[in-house]
1. GluC sites (Glu not before Pro) within the range 1-50: which are DSSP loop residues with at most 15 other Cβ atoms inside 10 Å?
2. State in Å² the accessible area per residue of the chain; use a 1.4 Å probe, count heavy atoms of protein chains only, and round to the nearest integer.
3. I'd like the isolated cysteines in the chain, meaning no second cysteine's beta-carbon lies under 4.7 angstrom from theirs.
4. Roughly how far apart, in whole Å, are the Cα centres of the range 12-39 and the range 83-121?
5. Counting only the backbone N, which residues of the range 77-92 are under 12 Å from the spot 7 Å out from the Cα of Arg45 toward its beta-carbon?
6. Which percent of the accessible heavy-atom area of the chain goes to carbon and sulfur, probe 1.4 angstrom?
7. About the Cα centre of the chain, what is the dipole size in debye to 20, counting +1 per Lys and Arg Cβ and -1 per Asp and Glu Cβ, all else neutral?
Amino acid sequence: QVQLVESGGGLVQPGGSLRLSCEASGSIKSINDMGWYRQAPGEQRELVARLSSGGSTNYADSVKGRCTISSDTAKNTVYLQMNSLKPEDTAVYYCNVNARVAPGNIRKNYWGQGTQVTVSS
């Protein structure tokens, strides 16, 4: 089994910054890619940023230039640095990890519990 623990959400004023963290633990053999998604009230969950095991990144157009995804492979942790935050960034942010897990080296997809980000003055 794999657990994802997210942290770093909160209330921030427009123009401010937040850093989200997500640590994966459990029967992980290797991580294929990690990412962050968000869901605002009444909206569908959408991709914010994704990082492959090879280091390639993919960002939503709405956050390009303002957000940076990174990871610490030794800690199985993925980060999302968010700068110049806007009220429209308000949402629950979810960590997603695609990994090969024991037993059997099966490839599975996991979601974190979500962390609230609120951008408001």
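1. Glu43
2. Dividing the accessible area of the chain by its residue count gives 52 Å².
3. Result for the chain is Cys67, no neighbouring Cys Cβ within the cutoff.
4. 5 Å
5. Output list for this probe position: 92.
6. About 45 percent, which is the carbon plus sulfur part of the accessible surface.
7. Taking the Cα centre of the chain as origin, the dipole is about 320 debye.
The values are calculated or read from the model by the stated rules, or taken from the named source; none is laboratory data. What you see is a predicted model; the values in this text were computed from it and never measured. Methodologically, a virtual Cβ is constructed for each residue, glycine included, from the backbone with ideal geometry; neighbour enumeration extends over all protein chains shown. Note: accessible area is taken over every heavy atom of the protein model, side chains too, but ligands, DNA and RNA are not part of it. Shrake-Rupley method; radii C 1.70, N 1.55, O 1.52, S 1.80 Å.
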